[in-house]
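Working notes, beginning with the structure itself.
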Amino acid sequence: MSKQKICPECKGLIKPGRTELIYELSGVKITVKNVIANICCKCGQSFISGRVAEDVNRLVNRVIEEINSFIKTQPKISRGRKEVAIAV
Ligand SMILES: [Zn+2]
């Protein structure tokens, strides 16, 4: 028997799905797509488990390090806004 999860915001039903997370670190915008989450059918609020959030954080930190070391080798593109999209 599985217990149904209810959204604390709107009391809608929460179902497993996928979402995307957006981070902005060191002037770089990182979009992580396809993150496993529980999503409210009614208001669309997504709930991510601590375990998944931890994995995503680790991934984002690694990407940031790689971007920073890449930028150092490419001084001409170091200005302006950067965007990176990752699908997990
Ligand atoms: Zn809701």
Do the conditions hold for ALA37, that is, is it modelled with pLDDT under 95, open to solvent by less than 80 Å² (accessible area, probe 1.4 Å) and under 12 Å from the mean Cα position of the chain (by Cα)?
no
Quick check on segment 68-85. Is at least one of its residues open to solvent by less than 60 Å² (accessible area, probe 1.4 Å), at pLDDT 95 or above and within 17 Å of the chain's Cα centre (by Cα)?
no
Conditions (1) exposed (fewer than 14 other Cβ atoms within 10 Å of the Cβ); (2) touching a Leu at 6+ places or on another chain (Cβ under 8 Å); number of the one not met by VAL32:
(1)
Filter result (at pLDDT 90 or above and among the β-branched types (Val, Ile, Thr)) within segment 1-32
ILE6, ILE14, THR19, ILE22, ILE30, THR31, VAL32
For segment 18-38, does any single residue satisfy the condition of being touching a strand residue (DSSP E or B) at 6+ places or on another chain (Cβ under 7 Å) and within 11 Å of the ligand (Cβ to nearest atom)?
yes
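Do we have CYS10 as within 13 Å of the ligand (Cβ to nearest atom) and either open to solvent by 40 Å² or more (accessible area, probe 1.4 Å) or part of a strand (DSSP E or B) (or both) here? Walk me through it before giving the result.
Values: within 13 Å of the ligand (Cβ to nearest atom): yes; either open to solvent by 40 Å² or more (accessible area, probe 1.4 Å) or part of a strand (DSSP E or B) (or both): no.
No.
The values are calculated or read from the model by the stated rules, or taken from the named source; none is laboratory data. Bear in mind the structure is a predicted one, so any value in this text is a computation, not a measurement. Methodologically, a virtual Cβ is constructed for each residue, glycine included, from the backbone with ideal geometry; neighbour enumeration extends over all protein chains shown. SASA here: full protein model, heavy atoms, side chains in, ligands and nucleic acids out. Shrake-Rupley method; radii C 1.70, N 1.55, O 1.52, S 1.80 Å.
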